[in-house]
Amino acid sequence: MGEAIVITSGKGGVGKTTTSANIGTALALMEKKVCLIDTDIGLRNLDVVMGLENRIIYDIVDVIQGRCKLKQALIKDKRFDYLSLLPAAQTSDKTAVTTNGMKEIVAELKQEYDYIIIDCPAGIEQGFQNAIAGADRAIVVTTPEKSSVRDADRIVGLLEKEDMKESPRLIINRIRSHMMKSGDMIDVDDIVQLLSIDLIGIVIDDDEVIKASNKGEPIALSPNSKASIAYRNIARRILGETVPLQSLEDDKGVLQRVKKFLGMRV
Amino acid sequence: MLDKKQTITIKGTREGLSLFIEESASYNDAIKELNEKILASKPKNDEPVVSVRVKLGNRYLNEEQEKELRRIISVENRFRIESIESELIRIEDALKWQEDSEIKAINRIVRSGQVLDIKGDLLLIGDVNPGGKVVSTGNIYVMGNLYGIAHAGSEGDRDAFIAASYMKPTQLRIADYISRAPDYESEGVYMECGIIDGEQDKIIIDSLKVLSHKRKEISGFERRMNNG
């Protein structure tokens, strides 16, 4: 019996889709059976980031409205047998999906997969309600910006009302270490203190992430970029391992230390 | 009949008249006798208006009855009713009174978009995040960080105040007064309170010790009585 994790943020453009793609990929790298679900009906992206756009035949709305079986709509990843994607509909309206429909789909997928990663749309309307409906756990993504933290706070408030296994966990994305050091960006500790939920990972702002997602190759596949290591660390923490947080230092020495650390654990 | 104890007793005091209504008498008898007594006292023309305290003892008057009593006593404007005192209040009023004066302890975080609205005093053990709002009809005590909006005395009590372990609020509101954070970047303050300053006619933030002389009643006897 698998576990469903929703990746949400409230605010748009903070990296939900990138995070979903990379956590999914990182979990698959560790030989877990993973299914990604894109719930952003009308503005689907996850397939693009995963490089699977050209394989879509059926989508989640087709499944909910009974035009195909769930298995038919699932797209197998081109790199891993373990990884599948249930794409969002691009043409339908958001109202086509219901919370009950989502719950059924997630419940069915949980029979088959270890982890269901649900990519949530921005906002707090029906799309959000649908995305969180079937989830057991939630991960909230924020960037170190006031507006993004404010929305994350709102989302945490809404998630706390839901009946989930544990309180949501936090990813701080797009950290620019030099700005954080100079005090121009909100400090990681301050964000964690304000939101008062557990931090599950920090991801440094890395040009490689944008390059990779344009190529349709999640960054988690690259062996040694900082963001890649960050995502793989998050996946390990999801599996229950204790992994120390990445250092914000830029110098090579620390990177080497992190590598060494990884080497020791593997 | 003649030997019966008087239903209405009027006593003169320094502050004016006290009017006792015997509590064992029926309401109708009391009103009848009162009416007679009031009309019987023929005033001299230049007599000043006399203030009256009505003491009901263990008698409860409903709204209709109280209105009638006021009408009878204040007829021809010779008497002014200072107060109507009864030893009794209704259960409904007592519960409301208790609710209004109780301290409600709540342990949670008030996050962006959430509103915590309570009757009486609020003791919040936790933070009020930016975009969050706490409202109470009495005082607000925050054991945590106050970043959002706090509104004390929401039903008009200007003596209400807001105290917090750490204060960096977006807005403080007390009764109908509003103050907001300055436009420039500022540090918050530890262990302070927001209170309406009568002289400046606005909300000020000051150290907690000003409460001991400006809001004496918070630790006073009367308040403890209220809280049972």
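None of the figures in this text is laboratory data; all of them are computed from the coordinates on show. These numbers come from a predicted model, not from an experiment. Using ideal geometry, Cβ is built from the backbone for each residue, glycine included, and neighbour counts are taken over all protein chains shown.
For region A:1-123, I need the span (max minus min coordinate) of the C-alpha atoms along each principal axis, in Å, sorted largest to smallest.
36, 32, 28
Considering Cα pairs under 8 angstrom that are at least six residues apart, work out the relative contact order of chain B and quote it in whole percent. Walk me through the numbers on the way to the answer.
On the way: 462 pairs, mean separation 22.8, N = 228.
That works out to 10 percent.
Have a look at B:Asp183, B:Asp121, B:Asp206 and tell me which one the Gaussian network model of chain B (Cα, springs below 10 Å) gives the largest fluctuation.
Result: B:Asp183 has the largest fluctuation of those listed.
Sorting check: for B:96-104, B:51-59, which peptide has the highest mean count of neighbouring beta carbons within 10 Å, and how do the rest follow? Walk me through the intermediate numbers first.
Values: B:96-104: 14.7, B:51-59: 16.7.
My ranking of the peptides, most packed first, is B:51-59, B:96-104.
In a Gaussian network model over chain B where Cα atoms closer than 10 Å are linked, find which of B:Asp127, B:Asp176, B:Asp29 has the largest mean-square fluctuation.
Of B:Asp127, B:Asp176, B:Asp29, the most mobile in the Gaussian network model is B:Asp29.
State, to one decimal in nm, how far the label point of B:Arg215 lies from the label point of B:Glu47, with both points 7 Å from Cα in the Cβ direction.
Going from the B:Arg215 label point to the B:Glu47 one covers 4.7 nm.
How big, on average over all directions, is the shadow cast by the Cα convex hull of chain A, in nm²? Could the numbers behind the result be given before it?
Numbers: hull surface 52.4 nm².
Result: 13.1 nm².
If you wrap a convex hull around the C-alpha atoms of region B:151-195 and split its volume per residue, what is the figure in Å³?
On the way: hull volume 2.5 nm³, N = 45.
Hull volume normalised by residue count: 57 Å³.
Evaluate Rg over Rh across region A:135-182, taking Cα atoms for both radii and Kirkwood's formula for Rh. Mind dumping the intermediate values first?
Details: Rg = 12.6 Å, Rh = 11.7 Å.
The Rg/Rh ratio comes out at 1.07.
Holding the Cα-Cα limit at 29 Å, pick out from A:Lys71/A:Lys226; B:Lys104/B:Lys168; A:Lys110/A:Lys161; B:Lys11/B:Lys119; A:Lys103/B:Lys119 the pairs that are longer than that.
Pairs exceeding the cut-off: A:Lys71/A:Lys226; B:Lys11/B:Lys119; A:Lys103/B:Lys119.
Quick one: P(r) of region A:53-121 from all Cα-Cα pairs, 5 Å bins, percents rounded to integers, in order of increasing distance.
Pair shares across the bins are 3, 16, 28, 29, 17, 6, 1.
What do you get when you divide the Cα radius of gyration of region B:82-147 by 2.2 N^0.38 Å, with N the number of residues? Intermediate results must be reported in sequence, preceding the final value.
Values: Rg = 15.6 Å, N = 66, 2.2 N^0.38 = 10.8 Å.
Cα-based Rg divided by the globular estimate yields 1.44.
Can you list residues from other chains, or at least 5 along the same chain, whose modelled amide H is less than 5 Å from the amide H of B:Ala163?
Result for B:Ala163 returns B:Ile140, B:Tyr141, B:Val142, B:Gly194.
Take peptides A:141-154, A:92-105 and line them up by average Cβ neighbours within 10 Å, highest first, as a rough protection proxy. All intermediate terms of the calculation are to be shown ahead of the outcome.
Details: A:141-154: 22.1, A:92-105: 16.9.
Ranking, from highest mean packing down: A:141-154, A:92-105.
Pick from B:Arg71, B:Arg90, B:Arg108: which is most flexible by mean-square fluctuation in a GNM of chain B where alpha carbon atoms under 10 Å apart are linked?
Ranking B:Arg71, B:Arg90, B:Arg108 by mean-square fluctuation puts B:Arg71 first.
Would you work out the relative contact order for chain A, in percent, from Cα pairs under 8 angstrom that are 6 or more residues apart? Let's see the in-between values first.
Numbers: 521 pairs, mean separation 64.0, N = 266.
Over chain A, the number comes to 24 percent.
Taking only the alpha carbons of region A:93-149, what extent do you get along each of the three principal axes, in Å, biggest first?
That gives 39, 28, 14 Å along the principal axes, largest extent first.
If you wrap a convex hull around the alpha carbons of chain B, what volume per residue comes out, as a whole number of Å³? Kindly include the intermediate steps, with their values, before the conclusion.
Details: hull volume 41.2 nm³, N = 228.
Expressed per residue, the convex hull around the Cα atoms of chain B is 181 Å³.
Mind giving me the FRET efficiency for A:Asp198 and B:Ile89? R0 is 51 Å, r the Cβ-Cβ distance, nearest 0.05 is fine. Kindly include the intermediate steps, with their values, before the conclusion.
Numbers: r = 50 Å, r/R0 = 0.99.
That pair, A:Asp198 with B:Ile89, gives E of 0.50.
Pop out the Kirkwood hydrodynamic radius of region B:8-85 from its pairwise C-alpha distances, inverse of mean 1/r, in Å to one decimal. Walk me through the numbers on the way to the answer.
Values: mean 1/r = 0.0779 Å⁻¹.
For region B:8-85, the Kirkwood estimate is 12.8 Å.
In Å and from the alpha-carbon atoms only, list the Rg and Dmax of region A:87-226.
Calculated on Cα positions, Rg and Dmax stand at 16.8, 49 Å.
Can you tell me what percent of all Cα-Cα pairs in the protein assembly as shown are more than 32 Å apart? Display every interim value, and only then the final one.
Details: 71518 of 121771 pairs.
It works out to 59 percent of all Cα pairs.
Extending each Cα 7 Å along its Cβ direction at A:Ser147 and B:Arg108, get the distance between those two points in nm, one decimal.
2.9
Hey, what did region B:105-182 get for relative contact order, percent, Cα under 8 Å, at least 6 apart?
Details: 242 pairs, mean separation 17.9, N = 78.
Value for region B:105-182: 23 percent.
So if I take the alpha carbon set of region A:1-42, get Rg, then get Rh from the Kirkwood formula, what is the Rg over Rh ratio? Working shown, then result.
On the way: Rg = 11.2 Å, Rh = 11.4 Å.
A ratio of 0.99.
Filter the GluC sites (Glu not before Pro) in region B:107-206 to those in DSSP coil with at most 10 other Cβ atoms within 10 Å of their Cβ, and list the result. Please report the intermediate quantities before stating the final value.
Values: sites: B:Glu155, B:Glu185, B:Glu187, B:Glu192, B:Glu199; in loops: B:Glu155, B:Glu185, B:Glu187, B:Glu199.
Answer by residue number: B:Glu185, B:Glu187, B:Glu199.
Beyond 19 Å, what percent of the Cα pairs of region B:100-226 remain?
On the way: 3358 of 8001 pairs.
Result: 42 percent of Cα pairs exceed 19 Å.
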